[in-house]
1. List every residue pair whose Cβ atoms sit under 7 Å apart, with the two residues 6 or more apart in sequence or on different chains, where the first one lies in segment 66-87 and is open to solvent by 70 Å² or more (accessible area, probe 1.4 Å) and the second, anywhere, is of a type in the set (Asp, Glu).
2. Using the structure shown, decide if Leu94 is open to solvent by 60 Å² or more (accessible area, probe 1.4 Å), among the aliphatic types (A, V, I, L, M) and more than 23 Å from Lys154 (Cβ to Cβ).
3. I'm trying to understand the selection: among the residues of segment 111-169, which are part of a helix (DSSP H, G or I) and open to solvent by 60 Å² or more (accessible area, probe 1.4 Å)?
4. Could you give me the residue pairs with C-beta distances under 8 Å whose first residue belongs to segment 119-137 and is more than 14 Å from Leu162 (Cβ to Cβ), whose second residue is of a type in the set (Ser, Thr, Tyr) and surrounded by 13 or more Cβ atoms within 10 Å (Cβ to Cβ) wherever it lies, and which are 6+ apart or on separate chains?
5. Within segment 17-29, does at least one residue satisfy the condition of being part of a loop (DSSP other than H, G, I, E, B) and under 20 Å from Ala165 (Cβ atoms)?
6. Quick check on this structure: which one of Ala42, Ala9, Ala33 is assigned to a loop (DSSP other than H, G, I, E, B) and within 14 Å of the chain's Cα centre (by Cα)?
Amino acid sequence: MQGIADVIAPGLRVLFCGINPGLVSAATGQHFARPGNRFWPALHQAGFTPRQFRPDEQKELLELGLGITNVVDRPSARADELSKAEFLAGGESLVRKVLAYEPQWLAVVGVTAYRDAFGNKKAAMGRQDRLIGNTKVWILPNPSGLNAHYTLPKLATAYAELHQASTTT
């Protein structure tokens, strides 16, 4: 099983970055495709999309200035199946991608993934001091159903903070 294609274009407003494709996403070629993943509802409730998109509509995000990529390309059932080396290599690859495509914001969905990919063990949710070129960085909660302590309303609130920042800066 291989990774899935990025939904990306130059100059996006926000490039969302998942940890890695889950098995359902890898099988369908669609980001955040597992039933129960709250990415699509959170994106809509936060104001990024005019309606709740389905995973098979992911390319329509480009028209809204949004895109999706992953830190690690290798699919797995759980993120804890990935090695530290995969996260570090993924972080280096992500930096190259951000420098090439120059989104206004990079939004990493998962604080642990961000910490592992960028070697920043103290990173917290929200806006980061770090810039990648001119791209600002934000950490969002992981929308996976495995991240149960973040309810959909809490996810939507966190995503809405980025939405507000991305439309005013």
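The values are calculated or read from the model by the stated rules, or taken from the named source; none is laboratory data. Just so it is clear, the model here is predicted, and its values are computed rather than measured. So basically every Cβ, Gly included, is an ideal-geometry build from the backbone, and we count neighbours across all protein chains shown. The protein model used for the area step is the full one, side chains on, heavy atoms only, and it has no ligands, DNA or RNA in it. Shrake-Rupley method; radii C 1.70, N 1.55, O 1.52, S 1.80 Å.
1. From segment 66-87, the pairs are Arg74/Glu86; Lys84/Asp116.
2. Spelling it out, it is not the case that Leu94 is open to solvent by 60 Å² or more (accessible area, probe 1.4 Å), among the aliphatic types (A, V, I, L, M) and more than 23 Å from Lys154 (Cβ to Cβ).
3. Thr112, Arg115, Pro153, Lys154, Thr157, Glu161, Gln164, Thr167, Thr168
4. Asn120/Tyr114; Ala123/Tyr114
5. No, segment 17-29 has no match at all.
6. Exactly one of Ala42, Ala9, Ala33 is assigned to a loop (DSSP other than H, G, I, E, B) and within 14 Å of the chain's Cα centre (by Cα), namely Ala33.
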